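Below: one structure, written as structure tokens.
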Amino acid sequence: MKTTKKDFEIFKKEFLKWFNVFGLKDWKIYFFHDQIDETSYANITYNVAGRVATVRFNLEHNGRYNNIKETAFHEVCELLLGKLVAVAEYRYVTENEITEATHDIIRRLEKVIFGNEK
């Protein structure tokens, strides 16, 4: 099934909503509406050190799953967990690096949930 420009705009809008909610504004995001593998509705690649991410929304999808808003949320969560994933992929990782990456995520979630109470 083909995706439309309108689908892409909905995807970007929803992605940016959650991007802002989670306070990921220290990242530079590039969006593309192009062909990616046929099993994915969207994907994200990122460079943690450079704080740059590329988000792709597929021109086509297999039709089995097409919740645009949930897909956008999923891709933002991938970015939210990016530093933790990067640390996990290191050949040698210290306990402190894992703790730091974990607490980075927790602090962002605390700001989202309790931000006005602090």
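The values are calculated or read from the model by the stated rules, or taken from the named source; none is laboratory data. What you are looking at is a predicted structure, and each value in this text was computed from that prediction instead of being measured. Don't worry about glycine lacking a Cβ; one is built from the backbone with ideal geometry, like all the others, and counts go over all protein chains shown.
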- Could you look through segment 11-47, keep only residues that are surrounded by 17 or more Cβ atoms within 10 Å (Cβ to Cβ) and out of contact with any strand residue (DSSP E or B) (no Cβ under 6 Å at 6 or more places or on another chain), and pick out the one that is farthest from residue 106 (Cα to Cα)? 14
- Query: What number goes with the only condition from (1) more than 17 Å from the chain's Cα centre (by Cα); (2) of a type outside the set (Gly, Ala, Ser); (3) outside any loop (DSSP other than H, G, I, E, B) that residue 39 does not pass?
  - Reply: (3)
- Restricting attention to segment 78-99, which residues are surrounded by 13 or more Cβ atoms within 10 Å (Cβ to Cβ), in a helix (DSSP H, G or I) and within 19 Å of the chain's Cα centre (by Cα)? 78, 79, 80, 82, 83, 84, 85, 86, 87
- Note on the structure: Checked 15, 57, 32, 8 against criteria (out of contact with any Leu (no Cβ under 8 Å at 6 or more places or on another chain), hydrophobic (A, V, I, L, M, F, W, C), part of a helix (DSSP H, G or I) and without any contact (Cβ under 8 Å) to a residue 60 or more places away in the chain); the one match is 8
- Task: Quick one: which residue in 54, 71, 45, 102 is at pLDDT 85 or above and outside the structural domain of residue 5 (by TED's automatic domain parsing)?
- Result: 102
- Just need a number here: residues in segment 55-106 that are under 30 Å from residue 3 (Cβ atoms) and among the small types (Gly, Ala, Ser). 4
- Mind checking which residues of segment 44-83 are more than 19 Å from residue 28 (Cα to Cα) and not charged (D, E, K, R)? 58, 59, 61, 62, 63, 65, 66, 67, 68, 71
